[in-house]
Amino acid sequence: MRTPTAPLSLLTLLVALAAAGTAGASRHATTFKYCTDPTFPPMELASPSGAISGFDVDMAVKLAATWGGVAKPVKTAFPGLIPALNAKRCDAVISGIFVTPDRMKQAGVVSYMESHRVLIVKAGNPKGIHSPNGLKGKVVAVQAGTKYEEYLKALKAKLGFTLQSYPGDTDAVAQVLLGRADAVLTQDTSFAYQAKQHPHKIAIGFTFAAKDAFGIYYRKADAATLGTQIKDGVAKLKADGTLVKIANKYKVPVADVK
């Protein structure tokens, strides 16, 4: 009488384990954790309470929904975004971060926006900064750990100017508003936000001709799975006009997301 009981119990156990495994996989598949540094409005910013919002946050919600997922931001300092991704603290990086050759060596990427770098100056451009060469002898602010900072360090060696690096983009722009810096190197997306926050206080002194691409980074090992989902999802959000709607909401140039 005990003989058939053991196989039946084993079968029951295997079914239970399989169900648990499936449930675990489902939870992983539907929770889309992305690392972000909320210091680059309007792409991402944090309220005093710590709530994270912005273009990238709205996009992440819509993106995850294309495969039935729920997006969850994981606050991460900008220099640690890619390391955190590869350490599996998140599934992807969405943080107004450029697509660059060195980052593509570390992770896969899907581009979703193109924008222009700009030099933000005080309204009226009192220092007459109309090109990168105009930074000579000036005080320039920038967000630390970014490609902007790398570019300015190289330019500083050629021209000679004072470079100040700050934890966030808003901190850097504040230096121009306070009169502590003559210019800030950032993106047109940032200027759109800051100009709205500080009407008639700042202006664009120079717009770089070349475009930069913002990308969503994922682990290379996930290229065939999550990477494909992200690629297909971004294509859908562009095709159905979702990215344009989000751009309008945050006053981001619509041409940047087409």
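The values are calculated or read from the model by the stated rules, or taken from the named source; none is laboratory data. Remember, it's a predicted structure, so these values are computed and weren't measured experimentally. No Cβ is skipped: glycine too gets one built from the backbone with ideal geometry, and neighbour counts run over all protein chains shown. Protein only, heavy atoms only, side chains kept; ligands, DNA and RNA dropped before computing areas. Shrake-Rupley method; radii C 1.70, N 1.55, O 1.52, S 1.80 Å.
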Open item on the list: Against the conditions (1) within 17 Å of E44 (Cβ to Cβ); (2) touching a strand residue (DSSP E or B) at 6+ places or on another chain (Cβ under 7 Å); (3) loosely packed, with under 14 Cβ neighbours inside 10 Å, where does F214 fall short? Just the number, please.
Closed with: (3)
Open item on the list: Being touching a Leu at 6+ places or on another chain (Cβ under 6 Å) and surrounded by 14 or more Cβ atoms within 10 Å (Cβ to Cβ) narrows it down to one residue among V74, V93, V110; which is it?
Closed with: V93
Task: Conditions (1) open to solvent by less than 20 Å² (accessible area, probe 1.4 Å); (2) modelled with pLDDT under 95; number of the one not met by P48 - done: (1)
Task: Candidate set from the range 217-258 (those that are of a type in the set (V, I, T) and free of Cβ contacts under 8 Å to residues at least 40 places away in the same chain); member that is surrounded by the most Cβ atoms within 10 Å (Cβ to Cβ) - done: V244
Task: Near pairs, Cβ below 9 angstrom, 6+ apart or cross-chain, from the range 64-76 (in contact (Cβ under 8 Å) with a residue 12 or more places away in the chain and more than 24 Å from G145 (Cα to Cα)) to any residue that is assigned to a strand (DSSP E or B) and among the polar types (S, T, N, Q) - done: A64/T31; G69/T31; V70/T31; A71/T31
